[in-house]
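Student: Once you've had a glance at the structure underneath, I'll fire off some questions.
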Amino acid sequence: MPRVTPLRVRRGSTRDDGFYQIYEVPFEDGMSVLDALRWVRIHRDSSLAIRYSCINANACKTCIALVDGVVEYTCTARLKEAGTTVGPLPKRPVIRDLVTDTAPEDEKLR
Amino acid sequence: MTHLTTDVLVIGAGGAGMYAAIAAAREGRSVLLLDKNLVGRGGATVMAQMTVAAAIGQEEPDSWSLHLEDTLEAGRGICNAQLAEMLCRLGPDRILEMEGWGTRWAREDGHIKQVGAPGHRRKRCCYVDFLSTGPAVAATLRRTVAGMQHVRRLSNVSAIEICVSQGRARGGVALDLSTGSLVTIAARSIVLAAGGLTKIFRRSSASTNMAGEAYWLAIEAGAELVDMEFVQFFPIAHLAPRLVGMDPIMWDPFRYKLGGRLLNGRLEEFIHRYGGEDEGHYTVSRDLASYAILKEVEAGRGSPHGGVYLDFRHIPGDTLRKAFGPVIDRLLANGIDLTRMPVEVAPTAHYHMGGIAVNDRMETRVEGLFAAGEAVGGANGANRLSGNAITEAFAFGERAGFFAATAAATDTGWSAAYADRARAEFAELRERKATGHTPGAMQNSIQDLMWDNAGPFRSGDNLHKALDTLRGLRDRLDDLAIAPGEVFNLDLQDWYEVKAMLRTSEAVLTGALNRAESRGAHQRIDLPHSTPGFEKNQRLALVDGHLIASWTSVVRCLA
């Protein structure tokens with residue numbers, strides 16, 4: 001039997017009227033939360049909004065989110081076989097799903 | 001539709017783009033600096049965890065001309081020597097300028113410490129901190145560019161078209177991901193600094209941003225590409241066990257410093273079978289190492305995950321710790337104890353030697369359209385030396401920004417009609433069905449196709465077949481689904497990336513098919529030798545929607 005794990009992801013374009021969506025994700029030892037989120041976007045739901053750049057190296061620092069209640073980089077947080085919950089950063093305005101407004105004020109188009 | 005106006009538009013905010021923005025702004029020009037992700041956090045620079053080669057001669061006597069000789073030798077006879085000279089001659093100025101802006105290059109005995117690397121005859125590679133050089137220089141440039149009042153930075157904005165009229169670049173159209181809408185930009189000159197093409201391959205060491213957009217934007221605008229067949233594959237990227245929080249190409253400095261042994265699946269040394277001299281020196285060139293590893297795997301002598309072993313077990317634990325202290329702990333946290341187990345490594349797409357054809361002012365054949373950094377083709381010929389990529393980002397970035405500033409047209413000559421094609425295409429995208437085959441899934445198909453057929457090993461048959469398959473994929477571009485919603489709808493960005501990946505992949509396949517020989521990073525199993533007749537550069541241009549190749553003699557040194 002292939003191993004799968006539930007990934008609970010906070011969806012929505014505001015913090016208050018969001019909801020949790022659960023995806024069943026193939027599980028491999030050592031995989032990161034970002035690996036799972038990227039898998040979801042390609043294989044299950046391309047509308048899931050996430051922010052990342054360097055994938056694995058923890059160099060770009062843009063994939064930061066709330067993983068099981070702790071602020072972590074999703075590229076280094078390990079996926080748990082028993083299940084993992086991911087939400088947007090708690091202290092930033094939500095743009096969509098896991099993407100929060102982390103750009104400096106003067107880098108935004110208004 | 002939002003419309004912006006600037007003197008100089010810089011597309012891509014990695015090392016080259018940020019340097020170009022600084023250089024243009026100090027000539028008194030207004031600059032608009034765009035990045036697909038956050039400014040200074042995407043692209044390749046932030047991932048460059050190792051060293052920057054420049055002949056500052058602080059470790060031992062050195063000269064830029066010696067650095068140039070090494071660069072030309074590594075390039076297997078087809079470097080554009082004018083560009084290579086610019087890289088080597090101006091690199092030292094940039095290293096010192098960066099220090100003035102706050103980069104803390106590692107120092108020893110009162111001077112900047114420089115280390116050796118394969119192919120460099122002098123110790124000339126500067127670094128900040130092991131595995132942190134890229135993030136450190138990106139941070140310096142981010143701070144510096146943020147302090148320049150003439151530079152406006154925009155994050156999550158990706159260019160989708162360069163608008164050209166009467167042979168001159170007039171501006172561009174971009175997707176603003178945060179609103180899901182198009183933006184038009186009138187510009188008096190443009191610098192393309194959107195990096196390379198690593199994303200077209202299944203295995204890649206770079207960040208996710210670089211899908212060949214710089215090449216796609218350039219060739220669609222009428223510029224030429226050069227030597228697109230030369231993709232550098234990094235031979236010993238980490239393969240297994242799963243490792244997070246580290247750059248997959250981190251093993252190189254371990255090998256230089258400590259001499260890790262490369263062993264096949266039977267735990268035998270093998271580099272010597274392919275003409276390399278690795279025993280004790282570990283300075284075999286990247287192209288030869290990639291070739292040797294894949295040959296071993298092909299012969300059934302690979303490691304369990306399809307690579308080879310990199311083994312440090314002969315090195316005492318305290319020596320490992322002395323050389324790489326905190327990294328050893330990060331490895332242990334990943335369950336990797338180098339004193340007890342070898343790791344598995346394999347080649348991965350790492351860098352692109354080819355790219356946009358520019359003159360010695362970094363300008364394409366389209367007036368007002370410049371290029372910088374990895375997006376530029378030619379300086380590194382058929383194979384790039386370790387350490388030259390960040391140097392070229394700085395050196396070419398500065399030159400492109402300077403020339404773009406001084407060559408800016410007196411007037412943009414912008415017309416809203418320039419954006420008509422992009423606007424119509426975008427309107428059609430917004431009408432797409434919401435479910436079905438997604439742009440992201442199409443990207444995976446392209447990545448598999450390119451890895452299997454245009455990776456470190458190529459053959460005429462496979463390249464032909466891949467071009468056919470690629471055309472089939474292109475026919476499906478109009479049927480891809482786009483999820484509903486405007487704000488941060490990644491399907492929109494993915495769709496434009498697919499367009500870039502298709503055109504760029506076609507250029508790589510076409511270039512590789514036309515170059516009927518093996519040279520440097522371009523290895524044809526059906527044509528395993530270099531041919532003097534191919535000691536020249538291949539240019540590609542778009543004519544009536546088709547890629548047309550032509551060959552030019554190599555640009556040699558002026559001196």
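The values are calculated or read from the model by the stated rules, or taken from the named source; none is laboratory data. Computed from a prediction, not measured in an experiment: that's the story for all the values here. As a convention, Cβ positions derive from the backbone with ideal geometry for all residues, glycine included, and neighbour counts pool all protein chains shown.
Student: Out of all the residues in region A:91-110, which are of a type in the set (Asp, Glu), facing chain B (nearest Cβ under 10 Å) and surrounded by fewer than 23 Cβ atoms within 10 Å (Cβ to Cβ)?
Tutor: Of everything in region A:91-110, those that are of a type in the set (Asp, Glu), facing chain B (nearest Cβ under 10 Å) and surrounded by fewer than 23 Cβ atoms within 10 Å (Cβ to Cβ) turn out to be A:Asp101, A:Asp106, A:Glu107.
Student: Take the residues of region B:501-517 that are in contact (Cβ under 8 Å) with a residue 40 or more places away in the chain and in a loop (DSSP other than H, G, I, E, B): which is nearest to the other protein chains (Cβ to nearest Cβ)? Don't jump to the end; show me each part of the working.
Tutor: Of all residues in region B:501-517, those in contact (Cβ under 8 Å) with a residue 40 or more places away in the chain come to B:501-516.
Those left that are additionally in a loop (DSSP other than H, G, I, E, B): B:515-516.
On the way: B:Arg515: 30, B:Ala516: 35 Å.
Checked region B:501-517; the qualifying residue nearest to the other protein chains (Cβ to nearest Cβ) is B:Arg515.
Student: Quick one: B:Asn489 ticks every box in (1) without any contact (Cβ under 8 Å) to a residue 12 or more places away in the chain; (2) closer than 30 Å to B:Met1 by Cβ bar one, so which box is it?
Tutor: Of everything listed in (1) without any contact (Cβ under 8 Å) to a residue 12 or more places away in the chain; (2) closer than 30 Å to B:Met1 by Cβ, B:Asn489 misses just condition (1).
Student: Could you list, in sequence order, all residues of region A:33-54 that are modelled with pLDDT of 95 or more and among the polar types (S, T, N, Q)?
Tutor: Once the filter is applied, which keeps residues that are modelled with pLDDT of 95 or more and among the polar types (S, T, N, Q), region A:33-54 yields A:Ser46, A:Ser47.
Student: Which residues, counting only those in region B:22-37, are assigned to a loop (DSSP other than H, G, I, E, B) and either farther than 29 Å from A:Val99 by Cα or of a type in the set (A, V, I, L, M) (or both)?
Tutor: B:Arg26, B:Glu27, B:Gly28, B:Arg29, B:Ser30
Student: Ok, one more. Pick from B:Ala481, B:Ala424, B:Ala395: which is part of a helix (DSSP H, G or I) and in contact with a Gly (Cβ under 6 Å, 6 or more places away or on another chain)?
Tutor: After applying the criteria, what remains is B:Ala395.
Student: If you check B:Gly306 against the conditions, is it at pLDDT 90 or above and at positive phi?
Tutor: yes
Student: Here's a follow-up. Looking at (1) closer than 30 Å to B:Ala379 by Cα; (2) modelled with pLDDT of 95 or more; (3) crowded, with 16+ Cβ neighbours inside 10 Å; (4) more than 14 Å from chain A (Cβ to nearest Cβ), which one does B:Leu473 not meet, given that it meets all the others?
Tutor: (1)
Student: May I ask you to list the residues in region B:5-48 that are surrounded by fewer than 24 Cβ atoms within 10 Å (Cβ to Cβ) and modelled with pLDDT under 95?
Tutor: B:Leu38
Student: Further question: Between B:Ala371, B:Ala409, which is farther than 30 Å from B:Cys126 by Cα, in the same structural domain as B:Arg124 (by TED's automatic domain parsing) and aliphatic (A, V, I, L, M)?
Tutor: B:Ala409
Student: In the set B:Asp318, B:Asp287, which member is in contact (Cβ under 8 Å) with a residue 40 or more places away in the chain, outside the structural domain of B:Phe396 (by TED's automatic domain parsing) and out of contact with any helix residue (DSSP H, G or I) (no Cβ under 8 Å at 6 or more places or on another chain)?
Tutor: B:Asp287
Student: How many of the residues in region B:182-228 are small (Gly, Ala, Ser), on the phi > 0 side of the Ramachandran plot and surrounded by 24 or more Cβ atoms within 10 Å (Cβ to Cβ)?
Tutor: 2
Student: Can you tell me which residue is nearest to the chain's Cα centre (by Cα) among those in region B:49-84 that are at pLDDT 95 or above and hydroxyl-bearing (Ser, Thr, Tyr)?
Tutor: The selected residue is B:Thr71.
Student: Still on this structure: Only residues that are part of a loop (DSSP other than H, G, I, E, B), more than 20 Å from B:Ala48 (Cβ to Cβ) and of a type outside the set (D, E, K, R): list them for region B:205-244, please.
Tutor: B:Ala221, B:Gly222, B:Ala223, B:Met228, B:Pro241, listed by residue number.
Student: Does B:Val46 meet the test of being of a type outside the set (Lys, Arg), out of contact with any Asp or Glu (no Cβ under 7 Å at 6 or more places or on another chain), outside any helix (DSSP H, G or I) and within 30 Å of A:Asn58 (Cα to Cα)?
Tutor: Considered against the rule, which asks whether it is of a type outside the set (Lys, Arg), out of contact with any Asp or Glu (no Cβ under 7 Å at 6 or more places or on another chain), outside any helix (DSSP H, G or I) and within 30 Å of A:Asn58 (Cα to Cα), B:Val46 comes out as no.
Student: May I pose another question? Sort out which residues of region B:468-523 are of a type in the set (Gly, Ala, Ser) and under 28 Å from B:Ala357 (Cβ atoms), and write them in order of number.
Tutor: Answer for region B:468-523, where residues must be of a type in the set (Gly, Ala, Ser) and under 28 Å from B:Ala357 (Cβ atoms): B:Ala500, B:Ser505, B:Ala507, B:Gly511, B:Ala512, B:Ala516, B:Ser518, B:Gly520, B:Ala521.
Student: If the requirement is being under 26 Å from B:Met1 (Cβ atoms) and not in a helix (DSSP H, G or I), which of these qualifies: B:Arg188, B:Arg202? Let's see the steps before the verdict.
Tutor: Numbers: B:Arg202 fails: under 26 Å from B:Met1 (Cβ atoms).
Being under 26 Å from B:Met1 (Cβ atoms) and not in a helix (DSSP H, G or I) holds for just one of B:Arg188, B:Arg202, which is B:Arg188.
Student: How many residues does region B:309-349 hold that are away from chain A (no Cβ under 14 Å) and touching a strand residue (DSSP E or B) at 6+ places or on another chain (Cβ under 6 Å)?
Tutor: 7
Student: Could you count how many residues in region B:522-559 are in a loop (DSSP other than H, G, I, E, B) and closer than 14 Å to B:Val508 by Cα?
Tutor: The total comes to 1.
Student: What's the number of the only condition in (1) in a loop (DSSP other than H, G, I, E, B); (2) away from chain A (no Cβ under 12 Å); (3) free of Cβ contacts under 8 Å to residues at least 60 places away in the same chain that B:Pro456 fails to meet?
Tutor: Here B:Pro456 meets the rest and fails (3).
Student: Follow-up question, since we're still on this one. Does A:Thr14 fit the bill of being of a type in the set (Val, Ile, Thr), touching a Leu at 6+ places or on another chain (Cβ under 7 Å) and at pLDDT below 95?
Tutor: no
Student: Are any residues in region B:390-413 at pLDDT below 95 and crowded, with 19+ Cβ neighbours inside 10 Å, and if so, which ones?
Tutor: B:Ala408, B:Thr412
Student: A follow-up question, please. State yes or no: is B:Leu338 assigned to a helix (DSSP H, G or I), farther than 26 Å from B:Thr198 by Cα and aliphatic (A, V, I, L, M)?
Tutor: no
Student: Further question on the same structure: Answer with yes or no whether B:Asp247 is in a loop (DSSP other than H, G, I, E, B), crowded, with 19+ Cβ neighbours inside 10 Å and outside the structural domain of B:Gly75 (by TED's automatic domain parsing). If you could, list the steps in order and put the result at the bottom.
Tutor: Numbers: in a loop (DSSP other than H, G, I, E, B): yes; crowded, with 19+ Cβ neighbours inside 10 Å: yes; outside the structural domain of B:Gly75 (by TED's automatic domain parsing): yes.
Yes: the conditions hold for B:Asp247.
Student: Hey, does region B:488-500 have a residue that's surrounded by fewer than 21 Cβ atoms within 10 Å (Cβ to Cβ) and assigned to a loop (DSSP other than H, G, I, E, B)?
Tutor: No, region B:488-500 has no match at all.
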